[in-house]
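Written below as C-alpha cells is the structure these notes are about.
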Amino acid sequence: MDVSAYLANAATRQMADVEAAEAQFARLDAVIAEAEAEAATLPPLPEVADDDLTEQERLEVQEAMGLVYGTDGPGARSGNAA
C-alpha cells in the first residue's frame, strides 16, 4: 500500500469513526439543544450582592473562583492549591 492509499484509508476510517460517535450521542445532543433553547427563553436572574450571601456561601464562591483562576487570580486565597 503506498502512502496516498494509506492516507485515504485512514481519512475514510476516521470519518466513519466520527459518524459513529455522532450517531451514538445524537439523542444527548438533542436533549442539550432543547435545554439550551428553553434556557434562552427564561428571564435573567436578579443580580446577587455579597450582602445577600451567607458567610458560608461567600466562602464557597471564593473557593470556586480559586479553582477557576488558580492561586494567583482574583478571589484567590494564599496557601490554597488550585
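What full-extension length gain, to one decimal in nm, is calculated for Ile32 and Gln14 as 0.36 nm per residue of separation minus the Cα-Cα distance?
Working: separation 18, 0.36 × 18 = 6.48 nm, distance 2.51 nm.
That works out to 4.0 nm of additional length.
Work out from phi, with θ = phi - 60° and the Karplus expression 6.51 cos²θ - 1.76 cosθ + 1.60, the ³J(HN,Hα) of each residue of region 32-45, listed in order in whole Hz, and give x for Gly and Pro.
Computed from phi, the couplings for region 32-45 are 5, 4, 5, 5, 5, 5, 5, 5, 5, 8, 6, x, x, 6 Hz.
How would you classify region 1-57 from its alpha-carbon gyration tensor, with a ≥ b ≥ c the square roots of the eigenvalues: rounded for a/c under 1.5, else prolate if a/b is greater than b/c, otherwise oblate? Write out the running numbers ahead of the final one.
Details: a/c = 5.07, a/b = 2.89, b/c = 1.75.
In terms of gyration-tensor shape, prolate.
Each reported figure results from applying straightforward, stated rules to the coordinates on display, with no laboratory input. All of these numbers come straight from a predicted model, not from anything done at the bench.
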